[in-house]
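Take a look at the structure below.
Only the coordinates and a few stated rules stand behind these numbers; no lab work does. Because the structure is predicted, anything quoted here is derived from the model rather than measured. No Cβ is skipped: glycine too gets one built from the backbone with ideal geometry, and neighbour counts run over all protein chains shown.
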Ligand code: SAM
Ligand code: SF4
């Protein structure tokens with residue numbers, strides 16, 4: 001069985017937010033005083049496992065666990081271990097802020113995770129603190145180095161550059177990635193959730209980043225197809241690929257192969273649209289029968305939007321939900 005939408009796009013990739021909670025409060029992601037969801041409204045780890053298994057039976061091959069911060073959820077080790085046993089999955093990946101990575105890296109490797117993305121916006125302790133509000137750079141760097149020692153196939157740094165905050169760290173971060181044989185991607189800030197920042201004044205365009213990169217590095221376009229909003233370049237004479245993730249561009253929508261599941265069990269069919277169906281009631285009302293769930297997921301393909309609708313010029317966020325709720 002396969003998930004094919006109304007525009008003939010095959011969906012074989014899911015991103016699952018396993019919690020809305022986080023130990024950081026990154027300025028572009030959350031407001032300083034976030035209110036988190038009550039526990040009863042969030043999927044249990046067993047429910048998440050079941051959902052991932054059901055998607056795998058519908059042809060999904062790749063799962064990314066995200067959040068919030070996935071590694072702060074109690075019991076997360078068991079979830080990784082159990083989904084690591086689902087044979088139909090080709091790839092299990094993780095996006096993390098790295099704060100817990102030092103103690104979790106080996107567990108992740110043992111569970112079969114081969115690639116991880118670690119968010120790192122600054123190498124300067126003060127700027128790092130300013131951007132994450134609560135984060136400790138040393139813990140994150142220790143986490144990255146544990147992950148390097150454990151030997152993942154690929155570790156990618158994710159960075160959001162913000163004007164007058166960490167924009168000046170572009171070269172430092174790329175040099176760090178080169179030094180440790182990591183990849184690095186720059187994500188353009190997306191208007192998700194009402195944070196305390198004026199996004200128009202902080203957002204840095206990937207066109208500008210590309211120009212600056214070309215001033216210092218020799219880049220050659222990488223022939224990587226991700227079906228996502230990323231463009232990749234090899235940095236000559238290094239092992240590092242640099243990615244530019246531009247969700248504002250519409251170019252990637254026609255090859256979109258993914259859907260997102262929030263920690264509340266909402267199936268979001270597009271990151272930039274509110275179109276969704278609620279899976280939690282189907283999960284809870286049918287504890288021993290996956291058919292209603294499967295049917296709903298198959299039917300959802302008829303409403304997957306053609307493209308997103310981001311517009312940074314709008315005064316209000318185009319989508320009111322937070323990235324931490326839906327998962328990045
Ligand atoms: N807590 C984990 C982390 O930070 O990697 C996983 C969840 S976080 C929502 C996933 C990614 O989304 C991070 O790389 C973060 O930088 C990015 N992100 C969060 N809010 C964003 C926004 N408004 N625009 C662009 N990227 C954002
Ligand atoms: Fe937490 Fe990740 Fe959002 Fe930062 S980007 S607040 S680490 S969920």
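What distance in nm lies between label points placed 7 Å from Cα along the C-beta direction at residue 23 and residue 284?
With each label placed 7 Å out from Cα toward Cβ, I get 3.0 nm.
Sort 308, 145 so the one with the fewest other Cβ atoms within 10 Å of its own Cβ comes first.
The fewest-first ordering by Cβ neighbours comes to 145, 308.
For residue 138 and residue 62, what does the FRET efficiency come to when R0 = 45 Å and r is the distance between their Cβ atoms, rounded to the nearest 0.05?
0.90
Among 90, 5, 142, rank each residue by its count of other Cβ atoms within 10 Å, from fewest to most, as a rough exposure measure.
90, 142, 5
Scattering from the C-alpha atoms of the chain alone, worked out with Debye: what is log10 I(q)/I(0) at q = 0.10 1/Å?
Each listed q corresponds, in turn, to -0.55.
Compute the helix-to-body angle for 170-179: its Cα long axis versus the longest principal axis of the chain, expressed 0 to 90° and rounded to tens.
So the helix axis and the longest Cα principal axis differ by about 80 degrees.
Using r as the Cβ-Cβ distance of residue 179 and residue 35, and R0 as 41 Å, what FRET efficiency do you calculate, to the nearest 0.05?
According to the calculation, E is roughly 0.55.
Any idea what the relative contact order of the chain is, in percent, if you count C-alpha pairs under 8 Å spaced at least 6 apart?
It rounds to 23 percent for the chain.
Along the Cα→Cβ direction, 7 angstrom out, place labels at residue 208 and residue 224. What is the inter-label distance in nm?
Roughly 2.4 nm, to one decimal.
What fraction of the DSSP beta bridges in the chain is antiparallel, stated in percent and rounded to the nearest 5?
The antiparallel proportion sits near 35 percent.
As a footprinting exposure proxy, order 91, 169, 291 by other Cβ within 10 Å, with the fewest listed first.
Neighbour counts put them in this order, fewest first: 291, 91, 169.
Distance between Cα centroids, segment 90-114 to segment 33-49: provide it in whole Å.
Distance between centres, Cα-based: 21 Å.
So how far apart, in nm, are the two label points at residue 153 and residue 168 if each is 7 Å from Cα heading toward Cβ?
Placing both labels 7 Å beyond Cα along the Cβ direction yields 4.0 nm.
In degrees from 0 to 90, rounded to the nearest 10, what is the angle of the helix 291-300 Cα long axis to the longest principal axis of the chain?
Taking the Cα atoms of the chain, the angle to 291-300 is about 50 degrees.
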